[in-house]
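Colleague: My questions will all concern the structure given below.
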């Protein structure tokens, strides 16, 4: 999504139409991934047809299919919220709310699963998707946990990589444990998970 | 897989061939699910062709496609190991090793993801798969954690449902965090995750 600004600078009058087309292309790509059994079967033709744009509109923005796929997957991951920085618990709950909403989104889960299952067939592409979607969040959580260690809100010997896995994985698995009844997920789930995990992460 | 014993009782001489055919049918079903974009597109014809058996061989064992799908998904989930019962930590590590190996199995992840994404289109089938795959493990873990509370190895006010999500989810997400490089997952990962989580689950 980085070239949106370039488009804006180059053709200010055309930007709204361009932004709409870009959104339609991203959505069409995500829909087609979710209906596919793998990234390899997607074509620029099919994406253009689904988005209702010409192939040239796609190629004006993305020089190849891999770049489009990486941007589409990245668009699934809303940036983590601006962290208030008042307390570690508050910031962890804000992050957990984002993970929780994504875990409830069937298309988001489906598309990420399909992409991450392409490790063998498209290792370089999966590596790029990982860098564009998972790595930035891990970086935010790492910085947040290191801040907590510095302030003394977390224990000094905290296992940061395992803590990150526990923060995301517990939310996702708790949502998943509701099986087909995810609408029944109660209010306060993010707080409940974070409060559980913080018992082990806090200094004794 | 429950009727294997019935087959054995009814036709002892035919059992080995029958067991081989059953395994071929289950494997063919799992392969076809992993290559599909949903459970709806699977047909008994395609499964029979992939397994190299006749449709009647399938219908002798399963009266409909749903029953076969439930058994196939259940076959992905090895029973949790017999728990030694000497210490909670030892038993939790044994369970975590099973989750870890499954998280590394691309086909297993892929097939479960496809099945669990069918909530909207096939709610009853997903509910049956959930009952056959996820529910039994949750029952084992629930009993294990309740034993730990009873022995005093776990704190009395433990949040059992969230603890279960943390045990499975942390292992899965830690494996997933290795991205395309899961071969690099070090020895001792199950112990490391369990020791991290036990800090918060143990009595103060």
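The values are calculated or read from the model by the stated rules, or taken from the named source; none is laboratory data. None of these values were measured; they are calculated from a predicted model. Cβ: placed from backbone, ideal geometry, glycine included. Neighbour counts: every protein chain shown.
Colleague: Would you tally the residues in segment A:45-66 being within 24 Å of the chain's Cα centre (by Cα), surrounded by 13 or more Cβ atoms within 10 Å (Cβ to Cβ) and more than 17 Å from residue A:111 (Cβ to Cβ)?
Modeller: The number of residues fulfilling the criteria is 4.
Colleague: Looking at (1) in contact with a helix residue (DSSP H, G or I) (Cβ under 9 Å, 6 or more places away or on another chain); (2) in a helix (DSSP H, G or I); (3) farther than 30 Å from residue A:67 by Cα, which is the one condition that is false for residue A:150?
Modeller: (1)
Colleague: Kindly indicate whether any position in segment A:80-91 is under 25 Å from residue A:27 (Cβ atoms), at pLDDT below 90 and away from every other protein chain (no Cβ under 11 Å).
Modeller: Residues of segment A:80-91 under 25 Å from residue A:27 (Cβ atoms): A:80-81.
If we keep only those that are at pLDDT below 90 as well, we get A:80-81.
In the following step, the residues that additionally are away from every other protein chain (no Cβ under 11 Å) were identified as A:80-81.
Within segment A:80-91 (the criterion being under 25 Å from residue A:27 (Cβ atoms), at pLDDT below 90 and away from every other protein chain (no Cβ under 11 Å)), the answer is yes, since at least one residue qualifies.
Colleague: Within 11 Å of another protein chain (Cβ to nearest Cβ) and either in a loop (DSSP other than H, G, I, E, B) or surrounded by 15 or more Cβ atoms within 10 Å (Cβ to Cβ) (or both), is that true of residue B:125? Before the answer, list the steps.
Modeller: Values: within 11 Å of another protein chain (Cβ to nearest Cβ): yes; either in a loop (DSSP other than H, G, I, E, B) or surrounded by 15 or more Cβ atoms within 10 Å (Cβ to Cβ) (or both): yes.
In short, yes.
Colleague: Read through the list (1) part of a helix (DSSP H, G or I); (2) surrounded by fewer than 18 Cβ atoms within 10 Å (Cβ to Cβ); (3) at the interface with chain B (Cβ under 10 Å from one of its Cβ atoms), then give the number of the only condition that residue A:120 fails.
Modeller: Condition not satisfied by residue A:120: (1).
Colleague: Let me ask something additional. Name the residues in segment B:170-192 that are more than 7 Å from chain A (Cβ to nearest Cβ) and at pLDDT below 75, would you?
Modeller: Matches in segment B:170-192: B:178, B:181, B:182, B:183.
Colleague: Would it be correct to say that residue A:109 is at pLDDT below 90, facing chain B (nearest Cβ under 8 Å) and within 18 Å of the chain's Cα centre (by Cα)? Don't jump to the end; show me each part of the working.
Modeller: Numbers: at pLDDT below 90: yes; facing chain B (nearest Cβ under 8 Å): yes; within 18 Å of the chain's Cα centre (by Cα): yes.
Yes; evaluated as a whole, the condition is true for this residue.
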